[in-house]
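Participant: Before we start, here is the structure in question, set down as structure tokens.
The values are calculated or read from the model by the stated rules, or taken from the named source; none is laboratory data. All of these numbers come straight from a predicted model, not from anything done at the bench. Every residue, glycine as well, gets a Cβ built from its backbone with ideal geometry; the counts of neighbours run over all protein chains shown. What goes into the accessible areas is simple: the full protein's heavy atoms, side chains included, and nothing from ligands, DNA or RNA. Shrake-Rupley method; radii C 1.70, N 1.55, O 1.52, S 1.80 Å.
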Amino acid sequence: MRAALFEAVGRPLDVKTIETPQPGADEVLLRVAACGICGSDLHMTEDPETFALKRGGVLGHEISGEVVACGTKVANFKSGDRVAVAPMRGCGHCDSCSRGEPAWCAEMRLIGGGYAEFITVTARQCRRLPDDLPTEEGALAEPVAVGLHAVTRSGLKPGNRVLVLGAGPIGLLVAFWARRLGAAHVVVADLNRHQAERAAEIGATAFALSGERLAEEFRALTGGAPDIVFECVGKRGLIDAACRLVRVHGTVVAVGLCVGGDTWDPFAAISKEIQVIFAVFFTMAEFDMALQALGPGRHQPQALVTGRIGLAAVPDAFEALRRRTTQCKVLIMPAVG
């Protein structure tokens, strides 16, 4: 099969032919319909030691596809089933896994492998797609579930004022869920306006430029300070900035992946008695809700998709995403070429 392989820091991914995997007893073999390029994939290629990414590794955890073979112990799927994949592979039998929370299993492993024509995953990681959902759009279920989990963790209440720092895919999906779950004002802020129209399409009520006047602009747009600030960038100093922006007794949710440490002054958090919450991954119940959210509606997560590419185009497209552009979510579709 063909796959896009990691070679080394500073080098583009390399598309090569490698051996097609075979399913274990509790696994299914999928023909990959689509795999989203995630910002964390970019992080991994810049710091492979932290993420245990080895030379020849295959990235990609936002996966949908078609079952083509089943292991001997798989009874709930058959060839031809269309599925989305939750990338957290737990043991399958501990308390966390039994609760549908494999992300917090002591043996959890975040799988990759979606930048390829085929992949093996455990059957318990798969969920069937709704009949009316195109197979490739099932790859969006993973980031949609991440956004839902962040909003769930925040304790958002109908009528809240929400500020989202970062207009990448996760920031926009947090905005999508905040609005869907009743926030009165959802303002997305970024360093440029590349995603302003897309933010409105996904459900945000306003867009603002990050900077020294952000607090003032937020008040002008909403009539007050944010009840909740979601930090969806993962850059040093932004948790501290979020604490300064949020209202007294408000909530800050750290969602962005900040690698290499951070510094902040907790005085603002203490003096305002705010909550600082961290959010990562999701539950399987949230994954199911994400699949349903991909159905018809006024605002649809599909609005994030700005490109569909074949494997041959992956090296150039992946490098292009390191720069700020109008691109948002790019789907790799191996069958395209």
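Participant: Segment 59-160: which chymotrypsin sites (Phe, Trp or Tyr not before Pro) are DSSP loop and have at most 15 other beta-carbon atoms within 10 angstrom?
Facilitator: Details: sites: Phe77, Trp104, Tyr115, Phe118; in loops: Phe77, Tyr115.
Those that pass, being in a loop and sparsely packed, number zero.
Participant: For Asp131, what charge total do you get from the other residues with a beta carbon under 12 Å from its beta carbon, if Lys and Arg give +1 and Asp and Glu give -1?
Facilitator: Values: positive: Arg82, Arg128; negative: Asp81, Asp132.
For residues surrounding Asp131, the net value is 0.
Participant: Let me ask something else. Please give me, ordered by residue number, the trypsin sites (Lys or Arg not before Pro) of segment 1-86 that lie in loop per DSSP and have at most 13 other Cβ atoms within 10 Å.
Facilitator: Values: sites: Arg2, Lys16, Arg31, Lys54, Arg55, Lys73, Lys78, Arg82; in loops: Lys54, Arg55, Lys73, Lys78.
Within segment 1-86, the qualifying trypsin sites (Lys or Arg not before Pro) (loop, at most 13 other Cβ atoms within 10 Å) are Lys54, Arg55, Lys73, Lys78.
Participant: Further question: I'd like the orientation of helix 284-293 relative to the chain: the angle between its Cα long axis and the longest Cα principal axis, in ° from 0 to 90, rounded to 10.
Facilitator: Compared with the principal axis, the helix lies near 80 degrees.
Participant: Identify all lysines with a Cα-Cα distance to Lys157 below 28 Å; exclude those on the same chain that are fewer than 8 residues away in sequence.
Facilitator: Lys235, Lys272
Participant: Right, another one. Provide the descending list of Cα extents for segment 53-210 along its principal axes, expressed in whole angstroms.
Facilitator: Principal extents (largest minus smallest coordinate, Cα): 53, 37, 33 Å.
Participant: Sticking with this structure for a sec: With label points built 7 Å along Cα→Cβ from the Cα atoms of Asn76 and Asp316, find their separation and express it in nm.
Facilitator: Label at Asn76, label at Asp316, 4.3 nm between them.
Participant: Semi-axes of the equivalent ellipsoid of the chain: what are they in whole Å, largest first, if each equals the square root of 5 times a C-alpha gyration tensor eigenvalue? Before the final figure, lay out the partial values.
Facilitator: On the way: eigenvalues 231, 89, 74 Å².
Three semi-axes, in Å: 34, 21, 19.
Participant: Write down the accessible area per residue of segment 186-337 in Å², having rolled a 1.4 Å probe over the full set of protein chains. Walk me through the numbers before you get to the answer.
Facilitator: Details: 7340 Å² over 152 residues.
Normalised by residue count, the accessible surface of segment 186-337 is 48 Å².
Participant: For the chain, take the longest principal axis of its alpha carbons; what is the angle in degrees between that and the long axis of helix 169-180, to the nearest 10 within 0 to 90?
Facilitator: 70
Participant: ³J(HN,Hα) across segment 20-35 via Karplus (A = 6.51, B = -1.76, C = 1.60, θ = phi - 60°), whole Hz, x for Gly/Pro?
Facilitator: Taking θ as phi minus 60°, the curve returns 6, x, 10, x, x, 4, 9, 10, 10, 9, 10, 8, 5, 7, 7, 9 Hz for segment 20-35.
Participant: A follow-up question, please. Using only alpha carbon positions, build the gyration tensor of segment 152-194, then give the equivalent ellipsoid semi-axes as the square roots of 5 times its eigenvalues, largest first, whole angstrom. Write out the running numbers ahead of the final one.
Facilitator: Values: eigenvalues 70, 21, 12 Å².
Semi-axis lengths for segment 152-194 are 19, 10, 8 Å.
Participant: Work out from phi, with θ = phi - 60° and the Karplus expression 6.51 cos²θ - 1.76 cosθ + 1.60, the ³J(HN,Hα) of each residue of segment 105-118, listed in order in whole Hz, and give x for Gly and Pro.
Facilitator: Couplings: 6, 4, 9, 4, 10, 7, 7, x, x, x, 7, 7, 6, 9 Hz.
Participant: In a Gaussian network model over the chain where Cα atoms closer than 10 Å are linked, find which of Val248, Val162, Val146 has the largest mean-square fluctuation.
Facilitator: Val248
Participant: For a distance above 19 Å, tell me the whole-number percent of Cα pairs in segment 219-305 that qualify.
Facilitator: Numbers: 2011 of 3741 pairs.
Counting every Cα pair in segment 219-305, those more than 19 Å apart make up 54 percent.
Participant: Can you list the GluC sites (Glu not before Pro) in segment 249-324 that are in a DSSP coil and have 11 or fewer other beta carbons within 10 angstrom?
Facilitator: Numbers: sites: Glu273, Glu286, Glu319; in loops: Glu273.
Hits after loop and neighbour filter: Glu273.
Participant: Suppose only helical runs count, i.e. DSSP H with n ≥ 4. What mean residue ellipticity at 222 nm does that imply for the chain under -39500 (n - 2.57) per run, divided by all residues and rounded to the nearest 500 deg cm²/dmol? Let's see the in-between values first.
Facilitator: On the way: 10 runs with 84 residues, N = 337.
Mean residue ellipticity, 222 nm, calculated: -7000 deg cm²/dmol.
Participant: Figure the gain on full extension for Glu107 and Ile277 (residue separation times 0.36 nm, minus the Cα-Cα span) and round it to one decimal in nm. Intermediate values should be presented prior to the final figure.
Facilitator: On the way: separation 170, 0.36 × 170 = 61.20 nm, distance 2.38 nm.
Difference between extended and current length: 58.8 nm.
Participant: Give me the angle, in degrees from 0 to 90, between the Cα long axis of helix 141-154 and the longest principal axis of the Cα atoms of the chain, rounded to the nearest 10.
Facilitator: Value to nearest ten degrees: 30.
Participant: Follow-up. Tally Lys and Arg at +1 and Asp and Glu at -1 over the other residues with C-beta under 12 Å from the C-beta of Gly36: what net charge comes out? Display every interim value, and only then the final one.
Facilitator: On the way: positive: Arg308, Lys329; negative: Asp41, Glu62, Glu136, Glu137, Glu142.
Local net charge: -3.
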